[in-house]
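Quick notes on the structure that follows.
No lab work stands behind these numbers, since they all come straight from the coordinates. Computed from a prediction, not measured in an experiment: that's the story for all the values here. Glycine also receives a Cβ, built like all others from the backbone with ideal geometry; neighbour counts cover every protein chain displayed.
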């Protein structure tokens, strides 16, 4: 402890000081935000944007859920229903989840974790935010005006034959892709060139490793979705026939191109979530992370095998049996790397000095959801089983366990973990635990019935269903209202905390993460002067030393 | 880069600290240039993946319709294609020489070479436009416009020209972007922004131009020769 205090430039954690002149108020006025090159401000602007898109996607999801409470038409027409689930998917995937953790927390904490003053290309960083806004605006304008009813996957021939004007939506997705590429490129170069002296590759915080692996996928996979949307757009407008069997083209080629991006995109969402969990589990177990290298390398492993698993979306699209088998086996390898992480997290928790708080409850929820979602992933990667479950609610439940269960839990955990650093104030911990409980329980209530529905044969994306599925659908909708209620509680106490929260001080959690070694909120230049990094980032005790409970 | 590298670079920084091109968050020009180059190479990687989808489309359709693709590729104008290849390879040479000249401090020579490169790009586009116009007249534009009598009744003829127009079209777009980048570099060169020690935009612009060239080097044999 004493050695740590010497090397750190901070006041002791007990001194809860609010940094009066910080990145939030160093420059004033709207223009100072719109023209900022500060990674922290860009992170905050991403934060506001993705919260708005999350709200929007959530509202669409609730409309879909309420429509499905009865087997007959309930609220909206069949066409509106098609548009609603398309909106929900597109907004949640392209506008919310892909930029969420990298855009907000990658931008905000990654340079802090590396002891850097900024990301490598600050102007490019701002540009990627503007590109995101442009693309998002185009997508929203397109879906509200022209309407898209193809599902977020815009498969041909739906997308080429629908009477709706899909082009603005496709073009918006194309543009958002550039934002994702530029962000990923920026982070890779930052990690390579801006680590402070003393932070070697093997001393990088695990969140940085996760973002690094994510960025590789963003850079290498996103161009392919760009091309795919371009080709579908050209098909729709010009009708070249590349995906039209009537002209000699091949619709399955479109599916290959689409999933070549969209499967790795799942790892663009979940790898940062795993990185958040590595930080949080060590911080709240107050114990050295178990198997640092294995967690770091398994992120790269997931990024690598993730590129060769896309065919498991196409088991019933007429692939050869050999392809089916190969893609199934490769897909299961993702499970191996994920399991390595899960075992290491559980190993970290084992005999730790656990501090129970909001982020920790999300971490527990995350561990359950990733195991459950992961195991059902292995199940749907098995060809013979997938033939039964393909395009049913089983698949919907499976990927929501990963995308909501794992990713949203991590996103919420990250908000609660880093909120004191971002705004210098604490939220009410009791309420955060109440909300977390609502969300974990509400999530289970929403999606476990969907597993049962899918297994019983209810197809996804259908407007009406047989009478016998009613009870489970009602249960699912009831769960989703619990979930929504939890989000509303969070929104209220966080907004309250922005102004009235207790002063957090530089390091309220007594975390050993490098990002806590500056004031809260951080100053514009991040650190007063260059720090030394004698310790590893998740080092809570010397070998053989007992774990120590802290009172926070 | 290991930590010892980083501290070595830190040791050099006093000499460079006054450099107006050094951004506040880098410790030295070396690190900053390294970052710029790495960023450019990553960007070129994304470009390769962008074209990869079209190359995949080519491979799949060639596998489906091998005979048609052979016949259709002979319908393209080999002379114009070859001239364009020569034009692009020459421009790649001159852009590399421009980079070399800036490094040696011969900015006037570099400006001439860059100007020549831009002219080559323009020539390439003109020749391509001429080729396109000819193909339009023959009715080779795919989809609902397709009425290419020479290849009537051959399955997959439409597919060859889909791939042809999409890949050469995307490439032509990159030629235009590359030209814009080189014009910007030339403008800064004439303004006197570049010196023997600061020439990174010339290098990066050149790298981009090489990629544009390289894509054509793959497109040319696939579309015109085999």
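Structural descriptor for the range A:268-403: relative contact order 33 percent, calculated from alpha carbon pairs under 8 angstrom and at least 6 residues apart. Across the range A:324-390 the C-alpha pair distances fall into 10 Å bins from zero in the proportions 19, 40, 25, 13, 3 percent.
Once the Cα atoms are used to define both axes, helix B:200-220 deviates from the longest principal axis of chain B by about 20 degrees. If you take the square roots of the eigenvalues of the alpha-carbon gyration tensor of the range A:273-426 and sort them as a ≥ b ≥ c, do you get rounded (a/c under 1.5), prolate (a/b over b/c) or oblate? Cα axes put the range A:273-426 in the prolate bin.
Taking every residue in A:248-260, how many Cβ atoms of other protein chains lie within 10 Å of its Cβ, on average?
Values: counts 13, 10, 5, 0, 1, 5, 1, 0, 4, 5, 0, 0, 4.
Mean number of neighbouring Cβ atoms from other chains: 4.
For helix A:78-90, what angle does its Cα long axis make with the longest principal axis of chain A, in degrees from 0 to 90 and rounded to 10? Approximately 30 degrees, to the nearest ten. The reciprocal of the average 1/r between distinct C-alpha atoms defines the Kirkwood hydrodynamic radius, which for the range A:421-540 equals 18.0 Å. The gain in end-to-end length when the residue A:385 to residue A:495 segment is fully stretched comes to 35.0 nm, 0.36 nm per residue minus the alpha carbon separation. The distance separating the Cα centre of the range A:202-253 from that of the range B:149-213 comes to 21 Å.
Partner chain Cβ atoms within 10 Å, averaged over the residues of B:62-69 - can you pull that number for me? Before the final figure, lay out each step's value.
Details: counts 0, 0, 3, 1, 0, 0, 1, 0.
The per-residue average across the peptide is 1.
Projection of the Cα convex hull of the range B:32-89, averaged over all directions and equal to a quarter of that hull's surface, yields 5.6 nm². The protection proxy used here, the mean number of other Cβ atoms lying within 10 Å of each residue, ranks peptides B:177-185, A:304-312 as follows, highest first: A:304-312, B:177-185.
Show me the ranking of peptides B:203-211, B:64-72, A:276-284, A:293-301 by mean Cβ neighbours inside 10 Å, starting with the highest. Mind dumping the intermediate values first?
Details: B:203-211: 21.9, B:64-72: 16.7, A:276-284: 27.8, A:293-301: 19.9.
Ranked by mean Cβ neighbours within 10 Å, highest first: A:276-284, B:203-211, A:293-301, B:64-72.
Between residue A:69 and residue A:321, the contour length at 0.36 nm per residue exceeds the Cα-Cα span by 86.8 nm.
What is the mean projected area of the alpha carbon convex hull for the range A:51-145, to one decimal in square nanometres?
Working: hull surface 28.1 nm².
Quarter of the Cα hull surface area: 7.0 nm².
With bins 10 Å wide beginning at 0, the percent of Cα pairs of chain B falling in each bin runs 7, 27, 27, 18, 12, 7, 2, 0.
When the inverse distances between all different Cα atoms of the range A:29-81 are averaged and flipped, the Kirkwood radius reads 13.8 angstrom. Secondary-structure-derived ellipticity at 222 nm for chain A, considering helices only, amounts to -21000 deg cm²/dmol, per-run term -39500 (n - 2.57) for DSSP H runs with n ≥ 4.
Angle of helix A:167-193 to the longest C-alpha principal axis of chain A, folded into 0 to 90 degrees and rounded to 10: 30°. Taken residue by residue and averaged, Cβ atoms of other chains lying within 10 Å of the Cβ of A:229-237 number 2.
Would you mind getting me the FRET efficiency between residue A:35 and residue A:158? Use the beta-carbon distance for r and R0 = 41 Å, nearest 0.05. Let's see the in-between values first.
Details: r = 42 Å, r/R0 = 1.02.
About 0.45, to the nearest 0.05.
Per residue, the average separation of C-alpha pairs within less than 8 Å and at least 6 apart gives the range B:100-225 a relative contact order of 32 percent. Apply the a/c threshold of 1.5 to the C-alpha gyration tensor of the range B:138-220 and tell me whether it is rounded, prolate or oblate. Prolate, since a/c reaches 1.5 and a/b exceeds b/c. In chain B, the DSSP-assigned H stretches of four residues or longer account for a calculated mean residue ellipticity at 222 nm of -26500 deg cm²/dmol, using -39500 (n - 2.57) per stretch and the full residue count as denominator.
A simple packing score, the average count of other Cβ atoms within 10 Å per residue, orders the peptides A:191-203, A:458-470 as A:191-203, A:458-470, with the highest score first.
Over chain A, Cα pairs under 8 Å with separation of 6+ residues give a relative contact order of 20 percent. Sorting the Cα pairs of chain A by distance into bins of 10 Å, from 0 upward, gives 4, 18, 29, 28, 15, 6, 1, 0 percent per bin.
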